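K.L.:
First the structure, which I've put down as structure tokens, then a few questions once you've had a look.
Derivation of every value follows stated rules applied to the coordinates shown; laboratory data play no part. Computed from a predicted structure; not experimentally measured. Positions of Cβ are generated from backbone atoms using ideal geometry, with glycine treated the same way; all protein chains shown enter the neighbour counts.
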Amino acid sequence: MRAAVIVFPGSNCDRDMAVALRDAGADVQMVWHKDSDLPDVDLVAVPGGFSFGDYLRCGAIAAQSPICKGLVAHVDRGGYALGVCNGFQVLTETGLLPGALMRNAGLKFICKTVGLTVATANSAFTEGYSAGDTVDFPVAHHDGNYTVDPDGLARLQGEDRIAFTYATNPNGSIADIAGVLSENRRVLGMMPHPERAVDAGHGGTDGQALFRGLLGQLTSA
Amino acid sequence: MKAKVHVMLKNGVLDPQGAAVQHSLGALGFEGVAGVRMGKVIELDLADGTSEDTIAQMCEKLLANTVIESYRVEVL
């Protein structure tokens with residue numbers, strides 16, 4: 001599987017993402033935000049961090065960068081995309097995923113490991129788990145409070161597009177949502193960091209199944 | 001020409017910052033503060049003759065996230 005990791009000024013999880021993908025067996029290229037053309041890849045990963053200093057709104061400036069036009073075209077062609085933390089914010093700002101990420105309800109930056117429930121195994125990202133599995137992933141965000149209008153929430157629930165929920169809601173997200181899938185189930189955005197849970201040195205390896213499952217699906221496709 | 005864009009969270013969207021400021025005003029002894037909403041003001045220095053429609057497009061595409069925010073344009 002070929003993957004590209006987008007690097008924005010202020011990205012700080014780009015190399016962690018690349019390491020997690022490479023560990024799972026992917027051929028990874030880093031691409032700079034000013035590049036207007038993506039290389040020919042199966043998956044585009046939008047990493048965590050503070051792109052453009054979170055100016056205006058988290059992810060808002062990044063969503064207008066040249067590479068994001070390529071990202072939207074990649075997804076429109078049926079390509080896969082994974083956005084983690086700031087990457088999730090970028091994916092909502094581009095409109096590739098519904099809803100928005102607001103300031104945490106408690107106003108504090110949250111940096112800790114949280115328990116998640118795998119809400120659906122029906123996606124390339126989550127097929128390595130079983131629905132109902134509990135996993136521990138770190139979160140590190142100030143704006144992770146997911147919101148979507150009532151119709152949008154009903155669609156996400158009705159179409160089984162909520163990928164992960166928080167066991168204990170840390171940030172006020174509606175319906176405890178930690179990650180959502182696109183309509184074609186090929187785009188996943190999530191606030192918790194699976195790439196920070198792939199090595200024994202991380203204190204947990206619950207994220208490995210996400211990357212290995214993805215590799216298995218996309219390599220056999 | 002100049003324009004001011006006022007961006008606010010939509011009514012009904014919980015504003016935790018506003019709630020914290022409201023609480024703090026109460027703690028300072030200011031009574032009767034029934035609500036506080038936080039937003040932002042963006043000042044634009046524009047070419048003369050920029051249409052309101054163009055400014056609205058700027059708001060829709062970048063300045064406001066209309067999923068959660070509303071905006072109001074004030075041409076000065």
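K.L.:
Using a 7 Å offset from the Cα along the Cα-to-Cβ direction at both A:ALA105 and B:LEU14, what is the distance between the two label points in nm, to one decimal?
P.N.:
Each label point lies 7 Å from its Cα, and together they span 0.3 nm.
K.L.:
Could you give the length gained by full extension between B:THR54 and B:LEU76, i.e. 0.36 nm per residue of separation minus their alpha carbon distance, to one decimal place?
P.N.:
Result for the pair: 6.4 nm of gain on full extension.
K.L.:
More than 25 angstrom separation, counting every C-alpha pair in the protein assembly as shown; what % is that?
P.N.:
49 percent
K.L.:
Right, another one. Is the stretch A:2-153 rounded, prolate or oblate when judged by the Cα gyration tensor, a ≥ b ≥ c being the square roots of its eigenvalues, rounded requiring a/c under 1.5 and prolate requiring a/b larger than b/c?
P.N.:
Rounded is the answer for the stretch A:2-153, as its axis ratio a/c remains below 1.5.
K.L.:
Along Cα→Cβ, 7 Å out, is where each label goes; now give me the distance between the ones at B:MET38 and B:LEU62 in nm to one decimal.
P.N.:
My value for the distance between the label points is 2.4 nm.
K.L.:
At a Förster distance of 45 Å, what's the computed FRET efficiency of B:GLU31 paired with A:THR205, Cβ-Cβ distance as r, to 0.05?
P.N.:
For B:GLU31 and A:THR205, the calculated efficiency is 0.25.
K.L.:
List the pair-distance distribution P(r) of chain B, using every Cα-Cα distance, as the percent of pairs falling in each 5 Å bin from 0 up to the bin containing the longest distance, rounded to whole percents.
P.N.:
Bin by bin from 0 Å, the calculated values are 3, 15, 22, 16, 13, 12, 9, 6, 3, 1.
K.L.:
In addition: Go ahead and run the numbers for FRET between A:ASP37 and A:GLU183, Cβ-Cβ distance against an R0 of 22 Å, rounding to 0.05.
P.N.:
0.30
K.L.:
State which stretch of chain A is the longest one without any exposed GluC sites (Glu not before Pro), exposure meaning a DSSP loop state and at most 14 other Cβ atoms within 10 Å.
P.N.:
Between exposed loop sites, the widest span is A:1-158.
K.L.:
Another question, then. All other residues with a Cβ under 15 Å from the Cβ of A:TYR146 taken together, and with Lys, Arg as +1 and Asp, Glu as -1, what is their net charge?
P.N.:
Once all neighbours under 15 Å are counted, the net charge is 0.
K.L.:
Can you pull the one-decimal nm distance between simple spin-label points at A:ASN122 and A:THR168, each 7 Å off the Cα toward Cβ?
P.N.:
3.2 nm
K.L.:
Could you pull out the chymotrypsin sites (Phe, Trp or Tyr not before Pro) across the stretch A:117-200 that fall in loop regions by DSSP (anything but H, G, I, E, B) with no more than 12 other Cβ atoms inside 10 Å?
P.N.:
Hits after loop and neighbour filter: nothing returned.
K.L.:
Follow-up. For chain A, what relative contact order do you get, as a whole percent, if you take Cα pairs closer than 8 Å and at least 6 residues apart?
P.N.:
Relative contact order, chain A: 20 percent.
K.L.:
Follow-up question, since we're still on this one. Output ³J(HN,Hα) for the stretch A:132-145: one whole-Hz value per residue in order, computed from phi by the Karplus curve 6.51 cos²θ - 1.76 cosθ + 1.60 with θ = phi - 60°, and x for Gly and Pro.
P.N.:
x, 4, 10, 9, 10, 10, x, 10, 7, 7, 10, 10, x, 7
K.L.:
Here's another thing I want to ask about it. Might you report the magnitude of the Cβ-based charge dipole of chain A about its Cα centre, with Lys and Arg at +1 and Asp and Glu at -1, to the nearest 20 debye? If you can, show how the numbers build up before the last one.
P.N.:
Numbers: 16 positive and 24 negative charges, 60 e Å.
Result for chain A is approximately 280 debye, rounded to the nearest 20.
K.L.:
Length gain on complete extension for the stretch A:ARG155 to A:VAL19, per 0.36 nm per residue less the alpha carbon to alpha carbon distance?
P.N.:
Between A:ARG155 and A:VAL19, full extension yields an extra 45.5 nm.
K.L.:
Is the shape of the stretch A:125-221 rounded, prolate or oblate, going by the alpha carbon gyration tensor and its root eigenvalues a ≥ b ≥ c, with a/c under 1.5 for rounded and a/b larger than b/c for prolate?
P.N.:
oblate
K.L.:
Let me ask another. Kindly provide the helix-only [θ] at 222 nm of chain B, computed as the sum of -39,500 (n - 2.57) over DSSP H runs of four or more divided by all residues, to the nearest 500 deg cm²/dmol?
P.N.:
Taking each H run of at least 4 residues, the total per residue is -7000 deg cm²/dmol.
K.L.:
Before anything else, pin down the relative contact order of chain B: Cα pairs under 8 Å, at least 6 apart, normalised by residue count, whole percent. List each step's numbers first, then the result.
P.N.:
Numbers: 100 pairs, mean separation 41.9, N = 76.
So the answer I get is 55 percent.
K.L.:
Hand me the trypsin sites (Lys or Arg not before Pro) from the stretch A:1-80 located in a DSSP loop with no more than 14 other Cβ atoms within 10 Å, in residue order please.
P.N.:
A:LYS34, A:ARG77
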